[in-house]
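Single-structure report; data block below.
None of the figures in this text is laboratory data; all of them are computed from the coordinates on show. Owing to the predicted nature of the structure, the values given are computational and were not obtained by experimental measurement. Quick reminder, even Gly has a Cβ in these numbers, built from the backbone with ideal geometry, and neighbours come from all protein chains shown.
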Amino acid sequence: MSDVVTITREGNVAIVTVDNPPVNAVGQAVRQGLWDAVPELDGDDGVEAVILACAGRTFIAGADIREFDGGAMEPWLPDLVERIHAAKKPWIAALFGTVLGGGLETALGCHYRIAHPATKIGLPEVSLGILPGAGGTQRTPRITGAAAAVKLVTTGAPIGAQEAEKIGLVDRLAEDLAAEALAFARDVAGRDVPRLDPAPAQTDLTPADWDELRTEVEKKARGQISPVRAFDAVRAAFELPLDEGMKLERATFLELKETDQSKALRHAFFAERAVAKPAALKGATPRDLDKIAVIGGGLMGSGIATAALNAGYDVAIVEQSADAATAAQDRVAGNLASAVKRGKLSEAVRDATLARLTTAADFGPVSDADLVIEAVFEETEVKRSVFDRLAAAAPRDAILATNTSYIDPTKFTAQVPNPERIMGLHFFSPAHIMRLVEVVKTPATHPDVLATGFAMAKKMRKVAVLSGICDGFIGNRILGAYGRMAGYLLEDGASAQQIDGAMKAFGMPMGPFEMFDMAGLQIGYANRKREAATRPADQRYSRIPDLIVEQGWTGQKTRQGYYRYEEGSRAALPSPETDALIATERAHLGMTPRSFTDEEIVATLHAVQVNEACKILAEKIAERPLDIDVVKMMGYGYPRWRGGPMQEADARGTDRVLATMQGIAAADPGSWQVSPLLSDLGSAARPFAGLNG
Ligand code: 3H9
């Protein structure tokens, strides 16, 4: 028997145990071990039932995703699942932890499933750009019926054990899994082994119903192909016998595995985990955190406080007045109330959570805080005065963090003693929902302090990415290049509708101009004024955004920006006034508007982001291209199925991205210079993936 699969015996019951840390992925060695176990136990007259169990923290959590880059190694999972199902003795899967993908498929090959009540069960393959490839699309519908199977397979979202029991995926729930699985096995020992009916599954759905469901899946997928192909495979379970459905599923799995989308989603999966391990944190130990104080209880501060409360910390919000403190308390309560409404939180937990919040109109609560997060107005002097007060009010070893989104923290913290305890924690709004946090390292920040930021983010179920200091850090700096180029394209002749439409077709949730209108155009206006003194003299400056703001139009709030908005609606409608203003400016500049293809817009906006990202890498603001990808995916809506701008550059070819950027720089050398890093990689058509380490 192999190291990762062992067999023990309890009387007439054999227990087959998979032990393949960390998540018992069913890689080649596990498959081989199970493959060998089936005939061995079939041939053992002393064995009348078999329990499939796992050591460690979970039942099998899926196929080993790392194997997907090579050719499939035998024995293949679909064959193994079939072999278990054809066994002469009943196999009982003992489920706990996260039973996902190939883990659930292996369990579906077993004849019975018994689960601990806290088990999460699902088929997340679509989120890796593939579909369940070991019978999940064929066996699930035969057990659960159409509706549940479509939901499980096309959304990839896991369900709880209770729901799994309701839809038939689980036969019984068991608090004491080992004991009850054994009792269950003894019960079914020697009985006839139930087999899945290989005939097409039955449904009341008409072809028109299926078509309608498919349209819904396609719409939700927003350009991602795997949910739609997975849907088609489930539908086939109702039209084809099992063996033919399995062939279709296998062929689709192998095809999808090779797509750029699947490669990008696998990259996203590993990148999201790799960002937690930057080289700068090697050997660092996070400090213990119990109490977090948040300075400023506005939209951002109350969002951060909500996230911290939800993660189990004691939280104090410091505001400037009693009224403002009450308003902050109300905002947090409102955030929690909407979680209750969405079924994410019970009322009892909400009350207990809120009980850990205090608010104050003075710096008193800071005196026993382990971590203070400043979230006041984005203005150097305002932040400096907060840090002046923190220098006196906070314990000398408390970690002090700023939520600045643009400003160099050293500009307003120089007067604070022990600078090794200072870092940036750049949350994204709404901070209790958005999962990204940029952890910003100053030249003095101690690695343990950074590690504490990472540990806090993890407790908040957020993803932290390490960033050095530059204007806008990783995310907003790249956004700056993107927005600037979008503005040039607009001035040159593309419409806001065309640019936004092209970027949405590319997979962004919204285009740049809808995003500007939503965020409020006054923010960019203020930034441009701030940057005026340092802006390179020969850099092109489009006045259009300033002209719009100077009309008193700041976007959705004033119902007029790049678009027009009806009262109470966020739908962006064409604005004849803004269009006229843009036309006047073009005429003033003596420009003849030119036309663009959507692909040109997408390639241009992609190239300037990658070019800026290359500068960020060269300046060591970001450690690896994957850090940039995660920032863009988690903070800016970059489609996961494209894997972020750097992965997208690899898919397009860095040589092509370089050629696009060279064209941009040649046309406007004052505004754009090709990054030497992009030049190096692109001229050799080498991928960014090679820099991920
Ligand atoms: C599939 O099954 C296809 C089949 O239908 C068909 C086949 C023919 N493979 O997330 P964590 C690593 S597709 C390889 O930090 P958690 C992970 O990279 C698969 N490695 O822990 C990390 O490594 P490191 C369907 C994997 O407790 C370490 O394990 N299944 C895999 O927060 C710990 O992971 C899925 O999509 C894997 N399958 O969460 C499930 N899974 O320490 C994917 C994890 O070096 N996995 N690793 O950074 C998950 O969703 C979460 O990992 C899980 C645990 C919920 C299981």
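Using only the alpha carbons of the chain, determine the length spanned along each of the three principal axes and report them from longest to shortest in whole angstroms.
87, 61, 51
Send over the Kirkwood Rh of segment 1-67, from the inverse of the averaged 1/r over different Cα pairs, rounded to one decimal Å.
The answer is 12.1 Å.
Along the principal axes of its C-alpha atoms, what lengths does segment 289-467 span, in descending order and rounded to whole Å?
Per principal axis, max minus min of the Cα coordinates gives 44, 34, 26 Å.
Amide H neighbours of residue 159 under 5 Å, counting only residues 5+ apart in sequence or on other chains, H built in-plane at 1.01 Å?
121, 122
For the chain, give the share of DSSP beta bridges that are antiparallel, in percent and rounded to the nearest 5; count only bridges with both residues there.
Antiparallel: roughly 25 percent of the beta bridges in the chain.
Trypsin sites (Lys or Arg not before Pro), restricted to segment 427-469: which are DSSP loop and have at most 14 other Cβ atoms within 10 Å?
Qualifying residues, ordered by number: 461.
For the chain, the longest stretch holding no GluC sites (Glu not before Pro) located in a DSSP loop with at most 15 other Cβ atoms within 10 Å is which?
It runs 380-565.
Rg and Dmax of segment 124-220 over Cα atoms: what are they, in angstrom?
16.3, 49
Over all directions, the average projected area of the alpha-carbon convex hull for segment 25-184 comes to how many nm²?
With the hull built on Cα positions only, its mean projection is 8.8 nm².
Sum -39500 (n - 2.57) across every DSSP H segment of at least 4 residues in the chain, then divide by the residue count to get the 222 nm mean residue ellipticity, nearest 500. Walk me through the numbers on the way to the answer.
Working: 28 runs with 331 residues, N = 693.
Mean residue ellipticity at 222 nm (helix-derived): -15000 deg cm²/dmol.
Find the centroid of the Cα atoms in segment 466-543 and in segment 387-429, then give the distance between the two in whole Å.
28
Starting from the amide H of residue 425, placed 1.01 Å from N in the peptide plane, find each other amide H under 5 Å away whose residue is 5 or more places distant or on another chain.
Long-range HN contacts for residue 425: 402, 403, 404, 440.
Past the 19 Å Cα-Cα mark, which pairs from 344/504; 504/615; 282/458; 263/632; 151/458; 383/615?
Where the Cα-Cα span goes over 19 Å, the pairs concerned are 344/504; 504/615; 151/458; 383/615.
Identify the trypsin sites (Lys or Arg not before Pro) of segment 523-612 meeting these criteria: DSSP loop state and at most 14 other C-beta atoms within 10 Å of the C-beta.
Numbers: sites: 528, 529, 530, 540, 543, 557, 559, 564, 570, 586, 594; in loops: 540, 543, 559, 570, 594.
Taking segment 523-612 and a limit of 14 other Cβ atoms within 10 Å, the loop trypsin sites (Lys or Arg not before Pro) found are 540, 543, 570, 594.
Quick one: Cα centre-to-centre distance for segment 106-176 and segment 547-623, in angstrom?
45
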